[in-house]
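The values are calculated or read from the model by the stated rules, or taken from the named source; none is laboratory data. What you see is a predicted model; the values in this text were computed from it and never measured. Cβ sites come from the backbone with ideal geometry, for glycine too, and all protein chains shown count toward neighbours.
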Amino acid sequence: MISRREILWAGAALTAFPAAARDRAGDWDEAAAIVARIRPPIFPDRDFPITDFGADPDGVADSSDAFAQAISAANAAGGGRVVVPPGDFLTGPIHLKSHVNLHLAKGATVRFKTDPRAYLPLVFTRWEGVELMNYSPFVYAFEQENIAVTGEGVLDGQCSREHWWTWKGPWKQNQHGWTDGLPDQRPARARLFQMAEDRTPVAERRFGEGSYLRPPFIQPYRCKNVLIEGVSLRRSPFWQVHPVLCENVTIRRLDINSHGPNNDGCDPESCKDVLIEDCFFSTGDDCIALNSGRNEDGRRVGVPCENVVIRNCRMADGHGGITIGSQISGHVRNVFAENCRLDSPDLDHAIRFKNNALRGGIVERVRYRNLDVGQVRRAVVTVDFNYEEGANGRFRPVLRDVLIENVRSGKSRWAVDLQGLPGAPVRDVRIVDCDFQGVAEPSIVRHVQGLKLTNVQVNGRPVRDLTAPL
């Protein structure tokens, strides 16, 4: 006899369950339309090897000028590939220009200087959802078009317990090298957030030396037509792949493995039309986190993160596998994730939503399907409106219209942990055709309205109430 699930996947459910099936088919038609209009940039067939501009493949001499000259030459010629051949190359920040593809050949390693002064002068950037003038990201582009970082080589930030990571301050038993008496980011972070609340002009929010705010690894800012493909990232200072206010972004086949503090893998922020596919993540924070600005600064800029498709990725270590938040004051909508594997004893949550009453952002129309979760430390699905400041704010956090279907998990503390706030409930979450195995405790469901379960099993038993005793 054909099971209901088999009927559903066969498409016969369009007849058996017409409204639900039509809605779900339409959702994924929209995801396909998003992918179809995301077109990676195409570059002229011209190569500009950095060694032609004096780069040292032995990694002894500083190759910063060679990178800059090669990029400028490619841009002036109308575009092309700036090629990093096999070898080790030491550099400061790399600033991309329009129509340039920074291509790392197999066997190429780009090592970034550990002296923070190499990342001056200050540039216009965003830090934890707030705009400011700060150290340059290691790979940076501002208001450029048709840019790429591609290849099979390695970008090595050379961050460690001696360089950059200590600036986080006391965190997780000071495992990243901070000790009493060392400077850290906390005073500058508080000053930056207050400047944002006061709407201090961004040009006056000057940080850099003496502030200890670590820059992102790769950050295209206000760019169009962005491709980041194939490279490996190691030892990042902070967030790793961080496109901000970009349109038409493709992030593909990256190997991201860095376990420093706040080493999120990929954080599209206030971006439109984003494809993340075939990537591997093992991180010191969330693997993927979608953002749109923090608190007053997110509301001031007012640009959502929207039309994001995540597929065929693998998540290992991290705080959350596929995360939305917490910097979401500019809102997040139209998010689709499918066919991903999330599995590690050091992965806290597979699906994670973070918000609070200071952010107050709206997250809506989220669709996840066909996720294979091996084990996670906490919950397979987590909604946390108590994140950081929790209810201590005057803005209402919103999460609504979420569909999670065909998720299989093997081991977790809870199947779901869904926590809204009094007066700000989580709304309209549907969990369909999901099988949670190896669950240790009943789920947590607080301040949630419209939770619907269809064909859900926990530890081999059908359930209608996830909070019931196991």
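Tabulated results
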{"quantity": "Where Met195 falls short, out of the listed (1) assigned to a loop (DSSP other than H, G, I, E, B); (2) more than 21 Å from the chain's Cα centre (by Cα); (3) not acidic (Asp, Glu)", "calculated": "(1)"}
{"quantity": "Filter result (among the acidic types (Asp, Glu) and touching a Lys or Arg at 6+ places or on another chain (Cβ under 8 Å)) within the stretch 288-342", "calculated": "Glu296, Glu306, Glu338"}
{"quantity": "Residue within the stretch 351-360 that is assigned to a strand (DSSP E or B), in the same structural domain as Ile431 (by TED's automatic domain parsing) and either small (Gly, Ala, Ser) or in contact with a helix residue (DSSP H, G or I) (Cβ under 8 Å, 6 or more places away or on another chain) (or both) present", "calculated": "no"}
{"quantity": "Residue count, the stretch 244-262 (criterion: buried (at least 21 other Cβ atoms within 10 Å of the Cβ) and not aliphatic (A, V, I, L, M))", "calculated": "6"}
{"quantity": "Hits in the stretch 304-323 (condition: among the aliphatic types (A, V, I, L, M) and in a strand (DSSP E or B))", "calculated": "Val308, Val309, Ile310, Met315, Ile322"}
{"quantity": "Which listed residue, of Ala36, Ala105, is hydrophobic (A, V, I, L, M, F, W, C), in contact with a Gly (Cβ under 7 Å, 6 or more places away or on another chain), over 20 Å from Gln219 (Cα atoms) and surrounded by fewer than 19 Cβ atoms within 10 Å (Cβ to Cβ)", "calculated": "Ala105"}
{"quantity": "Number of positions in the stretch 147-197 that are buried (at least 22 other Cβ atoms within 10 Å of the Cβ), over 28 Å from Val84 (Cα atoms) and either in contact with a Cys (Cβ under 7 Å, 6 or more places away or on another chain) or among the small types (Gly, Ala, Ser) (or both)", "calculated": "1"}
{"quantity": "Complete set of residues in the stretch 78-102 that are within 25 Å of the chain's Cα centre (by Cα), buried (at least 20 other Cβ atoms within 10 Å of the Cβ) and under 17 Å from Asp62 (Cβ atoms)", "calculated": "Gly92, Pro93, Ile94"}
{"quantity": "Pairs where the first residue, in the stretch 132-144, is assigned by TED's automatic domain parsing to the domain that holds Thr109 and on the phi < 0 side of the Ramachandran plot and the second is of a type in the set (S, T, N, Q) and buried (at least 22 other Cβ atoms within 10 Å of the Cβ), C-beta under 6 Å, 6+ apart", "calculated": "Asn134/Thr125; Pro137/Gln219; Tyr140/Gln219"}
{"quantity": "Residue that is nearest to the chain's Cα centre (by Cα) [pool: residues in the stretch 198-233 that are part of a helix (DSSP H, G or I) and surrounded by fewer than 13 Cβ atoms within 10 Å (Cβ to Cβ)]", "calculated": "Ala203"}
{"quantity": "Which listed residue is crowded, with 22+ Cβ neighbours inside 10 Å and either charged (D, E, K, R) or touching a helix residue (DSSP H, G or I) at 6+ places or on another chain (Cβ under 6 Å) (or both), from Asp417, Asp428, Asp433", "calculated": "Asp417"}
{"quantity": "Test for Gly330: is it assigned to a loop (DSSP other than H, G, I, E, B) and surrounded by 22 or more Cβ atoms within 10 Å (Cβ to Cβ)", "calculated": "yes"}
{"quantity": "Positions within the stretch 366-391 being closer than 20 Å to Val445 by Cα, touching an Asp or Glu at 6+ places or on another chain (Cβ under 6 Å) and either without any contact (Cβ under 8 Å) to a residue 40 or more places away in the chain or among the hydrophobic types (A, V, I, L, M, F, W, C) (or both), in sequence order", "calculated": "Arg377, Arg378, Ala379"}
{"quantity": "Single condition Gln144 does not satisfy, out of (1) modelled with pLDDT of 95 or more; (2) out of contact with any Cys (no Cβ under 6 Å at 6 or more places or on another chain)", "calculated": "(2)"}
